[in-house]
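Below is one structure, written out as structure tokens, with a few remarks after it.
Just so you know, all these numbers are worked out from the coordinates, no wet-lab data involved. Note that the structure is a prediction, hence the values are computed from the model and not measured. Neighbour counts run over all protein chains shown; Cβ positions are idealised from the backbone, glycine included.
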Amino acid sequence: MGVVPRRTRGKYGGWPLARQGVNLIPAMNVLVTGATGFVGQEVARELHAAGHQLRLLARNGASRAVRELAAAYRADVRVGD
């Protein structure tokens, strides 16, 4: 596992390395519920862009929206009630 930086005040405050595009948090497997919804799509997009592996929880794994998201993000799909 990588190292998560301690929150320090840099020149501009906050996370100075994150502002430079440096990601010190290791890639994780993340379960996203509601990934076909308005907020869930943005969460999935940001997590994928950060390099995390996605697993989508869906009621209907055969739906078009779920198939498109799974293909776009190379995500696993799990069907739940």
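Using the Kirkwood radius over C-alpha pairs as Rh, can you work out the diffusion coefficient of the range 29-81 via Stokes-Einstein at 25 °C, viscosity 0.890 mPa s, in µm² per second? All intermediate terms of the calculation are to be shown ahead of the outcome.
On the way: Rh = 10.6 Å.
In µm²/s, the coefficient is 232.
Go through the range 62-71 residue by residue and turn each phi into a ³J(HN,Hα) via Karplus (6.51, -1.76, 1.60, θ = phi - 60°); whole Hz please, and just put x for glycine and proline.
8, 5, 4, 4, 5, 4, 5, 5, 4, 6
Under a 5 Å amide H to amide H cut-off, with H placed in plane at 1.01 Å, what residues pair with Leu56 once short-range neighbours are removed?
Correct list: Val32, Asp76, Val77, Arg78.
Calculate the spin-label point distance for Asp76 paired with Thr33, positioning each point 7 Å from the Cα along the beta-carbon direction, and give it in nanometres.
Spacing of the two 7 Å Cα→Cβ label points: 1.8 nm.
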